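**Student:** Below you will find the structure I want to go over with you.
The values are calculated or read from the model by the stated rules, or taken from the named source; none is laboratory data. Everything numeric here is computed off the predicted structure, so don't read it as measured data. Cβ sites come from the backbone with ideal geometry, for glycine too, and all protein chains shown count toward neighbours. Heads up: the accessible areas ignore ligands, DNA and RNA and are worked out on the full protein's heavy atoms, side chains in. Shrake-Rupley method; radii C 1.70, N 1.55, O 1.52, S 1.80 Å.
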Amino acid sequence: MPHKWLSITKGDLAIEREQCLDEGRDFTGVQKEYDTLLKTDLDNDPTLQPRAGAFLDATIALPVQKDYQFREPSDLAGIRAERPDGPRRINISLPDDVLFDNVLGAWLGRCAGCLLGKPVEGWRTERMWGYLKDLGRFPLADYFHSDIPEAVAKKYDVKGGAFINNVNRMVEDDDTNYTVTGFVLMKQKGAGFTPDDMADFWMQNIPLLHTCTAERVAYKNFSVGITAPASAAYRNVYREWIGAQIRADFFGYAAMGYPELAADFAFRDASISHVKNGIYGEMWVAAMLAAAPFERDVMNVIRTGLSEIPAKSRLARDIETVIGWHAEGIGYAEAISRIHTQWNEKNGHHWCHTNSNAMIVALGLLWGEGDFEKSVCRAVEACLDTDCNGATVGSVVGMMLGAKALPSKWIAPLNDTLDTGIAGYHRVSISAIAKEGFDVYRAVRERA
């Protein structure tokens, strides 16, 4: 029976148009067909699917305009040729007990940041800030609650869900499922895993309809024999959305001290479902995490991440923009306003894009000033993809500070427990999985 999640919709075509313009493609050659398809009953008439597919085949072949200013390859050699200088490997030694505390801090920080943002995923600024202000809790400084006055709950449509009063652990979420996915695959395959290994793991362990956007399209492509890197581009309108960026973390955990290698691992994962800036987002985060145990300055962490992606990419431009605002000394609220001016939170393509959310990650790290609570709260309060950004910022700052330095207020509610959708790891101890993951890191280190 046809499932709308598996079909091309008018919304997908609108996203493809925006994506083509982002990539500098000349859309004029397909504009007439685009306008015609939007007037059809595409969302309800399955006989129109082949025509919509042919349209997407045409858009991906559109030429890039000659005056396009960015250089954005999707192959590893091309990416490395365009990246700036960087450390590649960090020549600082730390004892294993210290490094384990760092990586445990990253796991805990990721879970806490994700849990903070999860119940308000999809909330726009007016709704989130109104909720906080009506409760006298603005700016954000604690988990979200649903046990609130009835009038406030009704006004902001607060019902059940992963509010802190409803949970006693880190509940299942794609932001942590993919961290566990990276761990399990590397435990099985080691540092030599391939993109095809990751694609096979998805099909063997993750139900199709548990995937979303770019991952779902790639999964459909795997099932008909389209392998990486073609699986990332074929009829994939979400190819630069945030999905790969949220999959980065374990690759940084497994390559602490080796940002180039972490970015390499991340590339292998990202290339099955994303292109260009969608790939760079995962490489940036993985490289930051690989550097984080050895740094106390978040700016150095961010720049290490940038050293693994093309300098003339849109992602590098956008993160450098946030860095520039911080250097100007503008306030946090003004920085949010500027991001929301560039990216419309009412536009799904903007809301889910790698770059918009990477800017918020950089915002949380820079204006968080190395303080865990301030960092995750500022990442979530900026809206857009709240659970993803809270998780990434929590992971990076948790890796920098280590588990022992994380406030109990944020960590105790997790009860050292993580639920996942990954076979064999449906409910695990966070500290136990961090220990298993640390064994993977040690194996990688011996080989590096």
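**Student:** Search the range 203-232 for residues being in contact (Cβ under 8 Å) with a residue 60 or more places away in the chain and open to solvent by less than 30 Å² (accessible area, probe 1.4 Å), and hand back the single one that is nearest to LEU76 (Cα to Cα).
**Tutor:** Ranking the qualifying residues of the range 203-232, first place goes to ALA232.
**Student:** Right, next: For the range 422-430, indicate whether the set of residues that are over 22 Å from ASP174 (Cβ atoms), open to solvent by 50 Å² or more (accessible area, probe 1.4 Å) and touching a residue at least 24 places away in the same chain (Cβ under 8 Å) is non-empty. Don't jump to the end; show me each part of the working.
**Tutor:** Going through the range 422-430, the residues over 22 Å from ASP174 (Cβ atoms) turn out to be none.
No - not one qualifying residue is present in the range 422-430.
**Student:** A further question follows. When the residues of the range 368-402 are filtered to those that are open to solvent by 20 Å² or more (accessible area, probe 1.4 Å) and not basic (Lys, Arg), which remaining residue is nearest to ASN165 (Cα to Cα)?
**Tutor:** The first filter runs over the range 368-402 and keeps only residues open to solvent by 20 Å² or more (accessible area, probe 1.4 Å), leaving 369-371, 373-374, 378, 401.
When the remaining residues are screened for being not basic (Lys, Arg), the result is 369-371, 373, 401.
Working: GLU369: 29, GLY370: 27, ASP371: 24, GLU373: 19, LEU401: 27 Å.
That would be GLU373.
**Student:** Which residue out of ALA162, ALA153, ALA141 is surrounded by fewer than 14 Cβ atoms within 10 Å (Cβ to Cβ), aliphatic (A, V, I, L, M) and at pLDDT 95 or above?
**Tutor:** Working: ALA162 fails: surrounded by fewer than 14 Cβ atoms within 10 Å (Cβ to Cβ); ALA153 fails: surrounded by fewer than 14 Cβ atoms within 10 Å (Cβ to Cβ).
None of the other options fit; the residue is ALA141.
**Student:** Taking the stated definitions as given, is LYS159 without any contact (Cβ under 8 Å) to a residue 24 or more places away in the chain and charged (D, E, K, R)? I'd like the intermediate steps shown before the answer.
**Tutor:** Numbers: without any contact (Cβ under 8 Å) to a residue 24 or more places away in the chain: yes; charged (D, E, K, R): yes.
For LYS159, the condition - without any contact (Cβ under 8 Å) to a residue 24 or more places away in the chain and charged (D, E, K, R) - is met.
**Student:** Take ASP97 and tell me if it is open to solvent by 20 Å² or more (accessible area, probe 1.4 Å) and either under 21 Å from ALA434 (Cβ atoms) or part of a helix (DSSP H, G or I) (or both). Before the answer, list the steps.
**Tutor:** On the way: open to solvent by 20 Å² or more (accessible area, probe 1.4 Å): yes; either under 21 Å from ALA434 (Cβ atoms) or part of a helix (DSSP H, G or I) (or both): yes.
Judged against the criteria, ASP97 is a match.
**Student:** Looking at GLU295, is it open to solvent by 10 Å² or more (accessible area, probe 1.4 Å) and touching a helix residue (DSSP H, G or I) at 6+ places or on another chain (Cβ under 9 Å)?
**Tutor:** Details: open to solvent by 10 Å² or more (accessible area, probe 1.4 Å): yes; touching a helix residue (DSSP H, G or I) at 6+ places or on another chain (Cβ under 9 Å): yes.
Taking the combined requirement at face value, the residue satisfies it.
**Student:** For a quick check of your reading of the model, give me the residue pairs whose first member lies in the range 163-176 and is free of Cβ contacts under 8 Å to residues at least 24 places away in the same chain, whose second is of a type in the set (Gly, Ala, Ser), with beta-carbon atoms closer than 8 Å and at least 6 apart or on different chains.
**Tutor:** Filtered contacts from the range 163-176: ASN165/SER146; ASN166/SER146; ASN166/GLY160.
**Student:** Right, something else. Taking the range 244-258 as the search range and keeping residues that are assigned to a helix (DSSP H, G or I) and within 21 Å of ASP439 (Cβ to Cβ), which one is farthest from the chain's Cα centre (by Cα)?
**Tutor:** Within the range 244-258, the first condition is being assigned to a helix (DSSP H, G or I), and the residues that meet it are 245-247, 249-253.
Checking the rest, the ones that are also within 21 Å of ASP439 (Cβ to Cβ) come to 247, 249-253.
On the way: ARG247: 6, ASP249: 9, PHE250: 12, PHE251: 13, GLY252: 13, TYR253: 15 Å.
Checked the range 244-258; the qualifying residue farthest from the chain's Cα centre (by Cα) is TYR253.
**Student:** I would also like to ask the following. Restricting to the range 29-41, name every residue that is out of contact with any Cys (no Cβ under 9 Å at 6 or more places or on another chain), buried (at least 16 other Cβ atoms within 10 Å of the Cβ) and not aromatic (Phe, Trp, Tyr).
**Tutor:** Just the residues of the range 29-41 that are out of contact with any Cys (no Cβ under 9 Å at 6 or more places or on another chain), to begin with: 29, 31-41.
When the remaining residues are screened for being buried (at least 16 other Cβ atoms within 10 Å of the Cβ), the result is 33-34, 37.
Once the filter is applied, which keeps residues that are out of contact with any Cys (no Cβ under 9 Å at 6 or more places or on another chain), buried (at least 16 other Cβ atoms within 10 Å of the Cβ) and not aromatic (Phe, Trp, Tyr), the range 29-41 yields GLU33, LEU37.
**Student:** Let me ask something else about it. Check the range 344-354 and report whether any residue there is open to solvent by 40 Å² or more (accessible area, probe 1.4 Å), under 28 Å from TYR68 (Cβ atoms) and in contact with a helix residue (DSSP H, G or I) (Cβ under 6 Å, 6 or more places away or on another chain).
**Tutor:** yes
**Student:** Restricting to the range 1-28, count the residues that are in a helix (DSSP H, G or I) and farther than 24 Å from GLY278 by Cβ. Spell out how you get there, then give the answer.
**Tutor:** Our first condition is that a residue be in a helix (DSSP H, G or I); within the range 1-28, this holds for 4-6, 10-22, 27-28.
This time we only want the ones that are farther than 24 Å from GLY278 by Cβ, so: 28.
Here the count works out to 1.
**Student:** Counting only residues that are of a type in the set (Val, Ile, Thr), give me the helices (runs of 4 or more DSSP H) lying completely in the range 149-235 with at least 2 of them.
**Tutor:** 174-189, 213-223
**Student:** Could you figure out which of (1) over 25 Å from the mean Cα position of the chain (by Cα); (2) surrounded by 13 or more Cβ atoms within 10 Å (Cβ to Cβ); (3) closer than 22 Å to PHE265 by Cα isn't true of ASN91?
**Tutor:** (2)
**Student:** Something else: Please report, ordered by residue number, the helices (runs of 4 or more DSSP H) entirely within the range 259-342 with at least 2 residues that are more than 18 Å from the chain's Cα centre (by Cα). Please lay out each step first, then the result.
**Tutor:** On the way: elements: 259-270, 276-291, 298-306, 314-328, 332-342.
Output list reads 259-270, 298-306, 314-328, 332-342.
**Student:** Here are the criteria: (1) under 15 Å from TYR234 (Cα atoms); (2) surrounded by fewer than 11 Cβ atoms within 10 Å (Cβ to Cβ). Tell me which single one CYS20 does not satisfy.
**Tutor:** Against the list (1) under 15 Å from TYR234 (Cα atoms); (2) surrounded by fewer than 11 Cβ atoms within 10 Å (Cβ to Cβ), CYS20 comes up short only on (2).
**Student:** A follow-up question, please. Tally the residues that are more than 17 Å from GLY281 (Cβ to Cβ), surrounded by 16 or more Cβ atoms within 10 Å (Cβ to Cβ) and among the hydrophobic types (A, V, I, L, M, F, W, C), restricting the search to the range 42-88.
**Tutor:** 7
**Student:** Can ALA443 be described as open to solvent by 10 Å² or more (accessible area, probe 1.4 Å), hydrophobic (A, V, I, L, M, F, W, C), touching a residue at least 60 places away in the same chain (Cβ under 8 Å) and assigned to a loop (DSSP other than H, G, I, E, B)?
**Tutor:** On the way: open to solvent by 10 Å² or more (accessible area, probe 1.4 Å): yes; hydrophobic (A, V, I, L, M, F, W, C): yes; touching a residue at least 60 places away in the same chain (Cβ under 8 Å): yes; assigned to a loop (DSSP other than H, G, I, E, B): no.
So ALA443 does not fit the description; no.
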